[in-house]
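This report concerns only the one structure given below.
The values are calculated or read from the model by the stated rules, or taken from the named source; none is laboratory data. Note that this is a predicted model, so its numbers are computed, not measured. Quick reminder, even Gly has a Cβ in these numbers, built from the backbone with ideal geometry, and neighbours come from all protein chains shown. What goes into the accessible areas is simple: the full protein's heavy atoms, side chains included, and nothing from ligands, DNA or RNA. Shrake-Rupley method; radii C 1.70, N 1.55, O 1.52, S 1.80 Å.
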Amino acid sequence: MPDLLAPGLRLVLVGTAPSRISARAGAYYANPHNKFWRVLHEVGLTPRLLSPQEFPSLLPLGIGLTDVAKKHSGVDASLPTEAWEPQELRKRLAFYRPQVVAFTSKRGASEVLGLPTGKLPYGPQAERLEGAEVWVLPSTSPLGHNHFQLAPWQALARRVQAGVAEAEPSGG
């Protein structure tokens, strides 16, 4: 999957790796049972429900997409150890400098932040990543359905929207 990144984004959502369905479709979060696109709309990060193939339309909204494991696809548990490329992600984030980085699963955050998933609460994190505020969100994957919570996504949307509102009076 190609990165959807540009300089100065409000938010970059970081997945682990595309599912096999997404890889075949060439679109992020393409599994029809994945709640990602519905959640983005429900929490107000997108003005309407987007289809996976419309993922490039996130850029004008100030939102980017990338993954920790860029060269593999499949469920987290099936990824080989070498699939995880936290340093490559850090380089991309250092180059593009988003305001907020939100991991769409604890596993992806764990691989990049070097903390066990059990030590990562949902929501904002104390540490910054390449200058960006860091959030950890519940996975929207059908495999994580039993653990999904909407509240951290809602809190992230409020934070991102508040950050934009703060920047607008100065001419943004």
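Scan segment 3-18 and report the pairs whose first residue is farther than 20 Å from R159 by Cβ and whose second residue is of a type in the set (D, E) and part of a strand (DSSP E or B), with Cβ atoms within less than 7 Å and a gap of 6+ or a chain change.
Listed by first residue and then by second, the contacts come to T16/D67; A17/D67; P18/D67.
With the structure loaded, tell me whether G172 is open to solvent by 40 Å² or more (accessible area, probe 1.4 Å) and at pLDDT below 95 or whether it fails that test.
When the stated conditions are applied, G172 passes them.
Could you say which residue among L89, L120, L137, L113 is modelled with pLDDT of 95 or more, under 24 Å from A69 (Cβ atoms) and open to solvent by less than 60 Å² (accessible area, probe 1.4 Å)?
Of the residues listed, the single one that is modelled with pLDDT of 95 or more, under 24 Å from A69 (Cβ atoms) and open to solvent by less than 60 Å² (accessible area, probe 1.4 Å) is L137.
Please indicate, with yes or no, whether at least one residue in segment 1-14 is within 14 Å of the chain's Cα centre (by Cα) and under 23 Å from N146 (Cβ atoms).
Yes, the conditions are met somewhere in segment 1-14.
Give segment 40-59 a look and list any residue that's of a type in the set (D, E, K, R) and surrounded by fewer than 15 Cβ atoms within 10 Å (Cβ to Cβ), or say none.
First, pick out the residues of segment 40-59 that are of a type in the set (D, E, K, R): 42, 48, 54.
Passing the criteria: R48, E54.
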